[in-house]
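Colleague: I have a structure I would like to understand better, so I am pasting it below and will then ask my questions one at a time.
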Amino acid sequence: MRRTGLRFKGMANQKGITLILVTILLVVFLGVAALAIDVGYMMVVKNELQNIADASALAGARTLGRLYQCNGDIANCPEPMPYEAQQVYEPPRATITNVINEVADQNRAGGKSHILINDADIVIGDWDGNTKTLTANPVSPKAVRVTARRDDSNANGPITMFFARVMGINTVNMSATATAALTGECTVPPGGLPVPIGISSYFFTHPGYCHDNITFYPSNSPDSCAGWNIYNRPEYHNANDQALRTTIQQLDTGAYESPELGTGTIFKFTGGTMSQQTFDAMKLLFDHNKDATGKWQVVVAVYQADSCANPHGEIPIVGFATVIITAVTGSPTNTIVGTVECNYVDTTGHGGCANFGNLAPIPGLVQ
């Protein structure tokens, strides 16, 4: 009987220890569950703030694009802003920030509606796709960064915890940031390339070249970084002098119009030297289209290349650029020169491609 009593006493002790362990584990389990609920809530709020930042940044950059599209007058949109005006334009900050706040005001985060964006959390400037940085700049900006917050910096306030308050954590500050920028054009409309010139992408990967004079012909000139093509015309198996001359003459008479084109299209480049007849056809095309100042502003293709060597054969197109042909001089020199206009917001194409030349007024998220 004595042994039996000892056995029952041992069992009672084990039950007591088990109860203590279960209690401890239950507290730990409840703590983990409570933490999971709070962490889950924070993740939801973070996503909501990110959505607000994304939408607000896109709206701000789209407004920026519209200002370039409409010569600073979005309400009436009389005409696109000229290139020279774009380079010195200071968009009204209030026009952009008002749109950003309108978008944020229509959203909610962590149960808080009418989210406010601090003015200091709106940065308007220049986006560098290589370094992934935004530099604030009021003159000719092309990007907008927005940070949406739930903290004490404005009336939004921080988010309130549920179970973390047991550990003394009553509120948590949260934020999310997004950057939207006007990016390179991916397409041009029918007739968007009125002259069969192409510029090497090498020209744009060396910033010192931008705005410099460029020799479009002869294409083997030391200061040339361009070449001639016949677009992607299927009726010509290869590009040659005759095909180029016919293309130029048809562009001049209106018998041919460049089709709607996008990046990735394969163009046929001629290389070599033009015949006198082909050069004369190009001079006529220029003379028929130059303005009162003797210049012709056009959009041309940017072809993929790692040098300025004379292009020949089938080459993919990676972008589009605005150039100003300033002179076409006939025999005996036979030269075609102009300038390439970098940092230019065009008004026709869609963005999202490499920044080789023109930027489109419709933005994309870049960060």
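Colleague: Scan region 335-361 residue by residue and report those that are more than 20 Å from ALA85 (Cβ to Cβ) and out of contact with any strand residue (DSSP E or B) (no Cβ under 7 Å at 6 or more places or on another chain).
Modeller: none
Colleague: Now a separate question. Tell me, which residue of region 245-292 that is in contact (Cβ under 8 Å) with a residue 40 or more places away in the chain, over 27 Å from SER201 (Cα atoms) and surrounded by fewer than 15 Cβ atoms within 10 Å (Cβ to Cβ) is nearest to the chain's Cα centre (by Cα)?
Modeller: Among those that are in contact (Cβ under 8 Å) with a residue 40 or more places away in the chain, over 27 Å from SER201 (Cα atoms) and surrounded by fewer than 15 Cβ atoms within 10 Å (Cβ to Cβ), it is ASP287.
Colleague: Shifting gears a bit: Restricting the search to region 101-115, which residues are buried (at least 16 other Cβ atoms within 10 Å of the Cβ) and in a loop (DSSP other than H, G, I, E, B)?
Modeller: ASN107, GLY110, ILE115, listed by residue number.
Colleague: Can you report the number of residues in region 85-100 which are in contact (Cβ under 8 Å) with a residue 24 or more places away in the chain, assigned to a helix (DSSP H, G or I) and not basic (Lys, Arg)?
Modeller: Total meeting the criteria: 6.
Colleague: Collect the residues in region 310-349 that are touching a helix residue (DSSP H, G or I) at 6+ places or on another chain (Cβ under 9 Å), part of a loop (DSSP other than H, G, I, E, B) and either closer than 20 Å to LEU244 by Cα or without any contact (Cβ under 8 Å) to a residue 40 or more places away in the chain (or both), keeping them in residue-number order.
Modeller: Hits for region 310-349 are GLY330, SER331, ASN334.
Colleague: Tell me, which residue of region 225-244 that is buried (at least 21 other Cβ atoms within 10 Å of the Cβ) and part of a loop (DSSP other than H, G, I, E, B) is modelled with the lowest pLDDT?
Modeller: Only one residue fits best here, namely CYS225.
Colleague: ALA75 versus (1) small (Gly, Ala, Ser); (2) surrounded by fewer than 14 Cβ atoms within 10 Å (Cβ to Cβ); (3) not in a loop (DSSP other than H, G, I, E, B): which is the lone unmet condition?
Modeller: In the conditions (1) small (Gly, Ala, Ser); (2) surrounded by fewer than 14 Cβ atoms within 10 Å (Cβ to Cβ); (3) not in a loop (DSSP other than H, G, I, E, B), ALA75 misses (3) alone.
Colleague: Cβ-Cβ below 7 Å, separation at least six or inter-chain, first residue in region 66-84 and over 19 Å from THR183 (Cβ atoms), second aliphatic (A, V, I, L, M) and in a helix (DSSP H, G or I): which pairs?
Modeller: Partner pairs satisfying both residue conditions: ILE74/LEU67.
Colleague: Among residues belonging to region 168-202 that are of a type in the set (S, T, N, Q) and under 14 Å from the mean Cα position of the chain (by Cα), point out the one that is surrounded by the fewest Cβ atoms within 10 Å (Cβ to Cβ).
Modeller: Restricting to residues being of a type in the set (S, T, N, Q) and under 14 Å from the mean Cα position of the chain (by Cα), the top hit is THR187.
The values are calculated or read from the model by the stated rules, or taken from the named source; none is laboratory data. Please read these numbers as outputs of a predicted model, since none were measured by experiment. FYI the Cβ positions are ideal-geometry reconstructions off the backbone, even for glycines, and counts take in every protein chain you see.
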